[in-house]
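Here is the structure we will look at.
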Amino acid sequence: MLSSRIQLLSESMTLAITALAKQMKADGREILSFSAGEPDFDTPQAIKNAAITAIMDGFTKYTAVAGCPEVVKAVKFKLRKENNLIYDMGDIITNVGAKQSLFNLTQALINEGDEVIIPTPYWVTYPEIIKYTGGKIIEIQTDDSAGFKITPEQLKNAITDKTKLLILNSPSNPTGSVYSKKELEGLAKVLKGTKVLVASDEMYEKLVYDGLKFTSTASISEDMYKRTITINGLSKSVAMTGWRFGYLACPIRELTTSMKKLQSQSTSNINSITQKAAIPALLGEVDKDIEKMRVEFEKRRNIAVELFNQIEGLSVINPNGAFYLFVNIKNFADNSLDFCKRLLEEKGVATVPGVSFGSEGYFRFSFATDESSIRKGISIIKDFVKNYN
Ligand SMILES: Cc1ncc(COP(=O)(O)O)c(C=O)c1O
């Protein structure tokens, strides 16, 4: 009965753990959760106010598929001011989040057998979204010794005449690693002269630490600008996961038009209220709120990294961005799913196994939760690995 396409998709491997955590909570067990992929902060007040005003003003009708002119203009402003990227209004599409950007892009671009390169560990959605197109996933494995970043040489070896797209994610979920300008320039050199396009997922752009400056992939050179589709949104950086606001900018007009066509026949425009609510964030009016959250995340990261690295046998690299640690458990377990399942069942601590992100021997620990839970959770993990066999 089902389409062959839908049967290509797998259920998330983390579902088993999430379901188990829920069941344990329902049974009255106290669960400390470090599996969240969203900030624990509330959306800034100015954004809520803009939404309320939109409702009261009756801004409640369909808008253009790519978004109302005011919000598209605000995205254009943001990309020019913060990312040094100049786009036409027609290059920009707003949508319900990076997930929709990636879905529309891959549906519009990838044919069966086309190759898509994804650095591994990857964000869980990338392989699934590629599978749905019939495209072939080409993973480039990285590990903590390489800071979880691909090298120009690895990229060169992965490219064939069938390669259509490279998905880059910096700062990364699940590792928190951030590509420097120099590292991006190295990758750009390899791409020059090829037909490979780049999807640059910049969702965590505002969450960078240690005084680092974020660099947008498309800003590296004219050549990179022409081949890059910049994907971003407000979910993570402005604590707006539930509002569903994302956007992409693509200078390849044929491709942008096709993505708009697909959106026009599926979801149409995003919620008109959310469009209005996004404007203050895009215009920089909540920058102080964003900075407060960033500073708090950096403080928690410092605490968590220090505590993990005090545990004998465990190690974690200090990530420069996002709100995750990718903790190396290779001294204890080859099977990260078993490790995380036992950690949850025996100790009530929820984390996400590395295998869900394509890399065994790690777990992902989200520090998007309060400091005292972080301290308590890591101390429990310390106890757990001491007796792990
Ligand atoms: C790397 C990355 N990209 C995109 C998303 C999804 O973002 P959105 O809420 O805009 O769909 C996530 C969410 O976990 C993510 O981690």
(request) Please indicate, with yes or no, whether at least one residue in the stretch 200-219 is surrounded by 24 or more Cβ atoms within 10 Å (Cβ to Cβ) and more than 16 Å from the ligand (Cβ to nearest atom). (result) yes
(request) Could you tell me which of the residues ASN335, ASN320, ASN302, ASN309 is within 16 Å of the ligand (Cβ to nearest atom), open to solvent by 40 Å² or more (accessible area, probe 1.4 Å) and either in contact (Cβ under 8 Å) with a residue 12 or more places away in the chain or more than 19 Å from LEU20 (Cβ to Cβ) (or both)? (result) ASN320
(message) Please go through the stretch 128-161 and give me each residue that is in a helix (DSSP H, G or I) and more than 13 Å from the ligand (Cβ to nearest atom), ordered by number.
(response) ILE130, LYS131, ASP144, SER145, ALA146, PRO152, GLU153, GLN154, LEU155, LYS156, ASN157, ALA158
(message) Let me confirm something: among ALA74, ALA54, which residue is touching a Leu at 6+ places or on another chain (Cβ under 9 Å) and touching a residue at least 24 places away in the same chain (Cβ under 8 Å)?
(response) ALA74
(request) Considering (1) part of a helix (DSSP H, G or I); (2) in the same structural domain as MET240 (by TED's automatic domain parsing); (3) within 16 Å of the ligand (Cβ to nearest atom), say which one THR18 fails and leave the rest. (result) (2)
(request) Please work out if THR125 is polar (S, T, N, Q), touching a helix residue (DSSP H, G or I) at 6+ places or on another chain (Cβ under 7 Å) and farther than 24 Å from THR256 by Cβ. (result) no
(message) Just to be sure I understand the filter: pairs with C-beta atoms under 6 Å, separated by 6 or more residues or on different chains, first member in the stretch 144-165 and closer than 20 Å to LYS182 by Cβ, second member open to solvent by 60 Å² or more (accessible area, probe 1.4 Å). Which pairs pass?
(response) none
(message) Just the residues that are open to solvent by 40 Å² or more (accessible area, probe 1.4 Å), within 15 Å of the ligand (Cβ to nearest atom) and polar (S, T, N, Q), please, taken from the stretch 34-59.
(response) SER35
(message) So TYR62 ticks every box in (1) open to solvent by less than 10 Å² (accessible area, probe 1.4 Å); (2) farther than 18 Å from SER200 by Cα; (3) part of a loop (DSSP other than H, G, I, E, B); (4) away from the ligand (no atom under 16 Å from the Cβ) but one. Which box is left unticked?
(response) (1)
(request) Could you check, for the stretch 92-109, whether at least one of its residues is more than 21 Å from the chain's Cα centre (by Cα), among the small types (Gly, Ala, Ser) and open to solvent by less than 50 Å² (accessible area, probe 1.4 Å)? (result) no
(request) Scan THR125, THR175, THR142, THR151 and give me the residue that is surrounded by fewer than 20 Cβ atoms within 10 Å (Cβ to Cβ) and modelled with pLDDT of 95 or more. (result) THR151
(message) Out of LEU109, LEU102, I need the residue that is touching a Ser or Thr at 6+ places or on another chain (Cβ under 9 Å) and within 15 Å of the ligand (Cβ to nearest atom). Which one?
(response) LEU102
(request) Tell me which residues, restricted to the stretch 220-251, are open to solvent by 20 Å² or more (accessible area, probe 1.4 Å) and within 16 Å of the ligand (Cβ to nearest atom). (result) LYS236, THR241, GLY242, TRP243, ARG244
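The values are calculated or read from the model by the stated rules, or taken from the named source; none is laboratory data. Every value quoted in this text rests on a predicted model; they were computed, and no experiment measured them. As a convention, Cβ positions derive from the backbone with ideal geometry for all residues, glycine included, and neighbour counts pool all protein chains shown. Keep in mind that these areas ignore ligands, DNA and RNA; they rest on the heavy atoms of the full protein, side chains included. Shrake-Rupley method; radii C 1.70, N 1.55, O 1.52, S 1.80 Å.
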